[in-house]
Amino acid sequence: MTATRPTRRQFVTTAAAGASASLFPRPLLAQGSQPRIVVVGGGFAGATAARFLKRADPRLDVTLVEPNPIFAACPFSNEVIAGLRDMRAQLFGYDRIAAAGVAVVHQAATAVDGRARSVTLGNGTKLGYERLILAPGSDLRFDALPGYDEGAAERMPHAWKAGDQTLLLRRQLEAMEDGGTVVMALPALPYRCPPASYERASLIAYYLKTRKPRSKLVVLDAKDTFSMQRLFENAWQELYPNLEWVPVSSGGNPTSVDAAAMTVSSDFDTYKAAVANIIPPQKAGRIAELAGTADRTGWCPVDPVTFESHLAPGIHVLGDAAIAGAVPKSAFAANAVAKICAAAVAKLVFGERPAPPKFVNTCYSLAAPDYGFSIVGVYHPVNGQWLEVEGAGGVSPADAPRMFRSQEAKFANGWFNAITSEIFG
């Protein structure tokens, strides 16, 4: 966020008056019973939804299903890769969410029965629900890039899910001899938080410049254009002569990998890598498919007012897994729409009509530890889909001085501390 645009510092948006798009009938609840809401997935979207459901209406019986007792946050994990941040700063527990009255169950959800309205857990337990919220994030498509599978990821880490892979890529960079080549492979859209892949390229280039100056980075990209492109390219030109970006029009489309040989092939060439970071194509998390909410694209179409699935009534899909028009797949957006969905579900279970919302999304990126920029969008539902409000957002100025860039880097840190404290603190 910048000091010149205060809206970049807003982390919560409220709903305006209006009508609901949900067609599901009023649930039949016994007198005095508590409506049961199950939330699957404890990331930025799911954890926010669970906590804000209880805040919206303490009468709700809310259960959060998440197999991992510790959440590893992806935002700022690129700094961990570049040796600028300790992994412990990315880890968060669920104690405060449980203290807020949410039942937290550390099991995997293995099946969903939409007719019976139940979720089956890995230990065989079945949880009934009036409404189900799925926030499973995105899964990597290991079948999409020839040669790249889970085994190859141990040699060519994706590091696209924070945790062990993050640390593996960091160790590989540290162990690489000065003069080695790092190769990144980026997929076509859509995938989670595309600007984060260019931030990663920037911070790896920073690491090489400051630690291994004879090394270089080659970025093979299945795209020609991307968000905040001018800002990134200006930063690369100013800071990183060791970074080579090869777009699809120049033959940069990744076509296959050979983990044993440590090579990455593109349309025009094959690159030998000392370290390879392969980010494969993605789709909605597996439970979304099992629940019948994913379409042939692998993602989940939803109603823009309630985030209820277009394919499975009574099930709402949040975060990276959802197809939500212009809404980006970012942590900021996941947190914002989770609050919108929580408010809607708290009304739907009592047969009330939720209001059509608006929200602001801000995406921060770092090109260096003290060099940040951002893009802001304001979104609202129009004719059954989310659209960006024309003229309401903006991008950091391309000609801003370094002090401005440094301030935006501080704003990015402030946003991360604020959002994680709000959800997990």
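Ranked from highest to lowest mean number of other Cβ atoms within 10 Å per residue, what is the order of the peptides 354-361, 75-82, 402-409?
In decreasing order of mean packing, 354-361, 75-82, 402-409 become 75-82, 354-361, 402-409.
Counting only complete DSSP H runs, which helices of the chain cover 27 Å or more along their long axis at the Cα atoms and score a mean Kyte-Doolittle of -0.5 or above?
Helices passing the filter in the chain: 402-424.
Note down, for the range 190-268, the three equivalent ellipsoid semi-axes (square root of 5 times each alpha carbon gyration tensor eigenvalue), biggest first, whole angstrom.
20, 18, 11
To check you understand DSSP bridge types, tell me what percent of the beta bridges within the chain (both residues inside) are antiparallel, rounded to 5.
Around 55 percent antiparallel, to the nearest 5.
Taking the range 37-177 as the region of interest, what is the percent of Cα-Cα pairs per 10 angstrom bin, listed from the shortest bin to the one with the maximum distance?
11, 32, 31, 19, 6, 1
Counting only DSSP beta bridges with both residues in the range 144-278, what percent are antiparallel, rounded to the nearest 5?
35
Dipole of the chain, Cα-centred, from +1 at each Lys and Arg C-beta and -1 at each Asp and Glu C-beta, to the nearest 20 debye?
Using Cβ point charges on Lys, Arg, Asp and Glu, the chain gives about 1080 debye.
Compute the relative contact order of the chain as a whole-number percentage, counting only Cα pairs closer than 8 Å that sit 6 or more residues apart in sequence.
22
Tell me the chymotrypsin sites (Phe, Trp or Tyr not before Pro) within the range 83-182 that lie in a loop according to DSSP and have at most 12 other beta-carbon atoms within 10 Å.
none
Binning at 5 Å from 0, report for the range 144-278 what percent of all alpha-carbon pair distances ends up in each bin.
Pair shares across the bins are 2, 10, 22, 25, 23, 14, 4, 0.
Beyond 37 Å, what percent of the Cα pairs of the chain remain?
23
With the Cα gyration tensor of the range 243-387 in hand, give its eigenvalues times 5 under a square root as the equivalent ellipsoid semi-axes, listed largest first in whole angstrom. Walk me through the intermediate numbers first.
Values: eigenvalues 272, 81, 32 Å².
Working from the Cα gyration tensor, I get semi-axes of 37, 20, 13 Å.
The numbers here are math on the coordinates, done by the rules we state, and not lab data. Note that the structure is a prediction, hence the values are computed from the model and not measured. Reconstructed Cβ throughout: ideal geometry from the backbone, glycine too, with neighbour counts over all protein chains shown.
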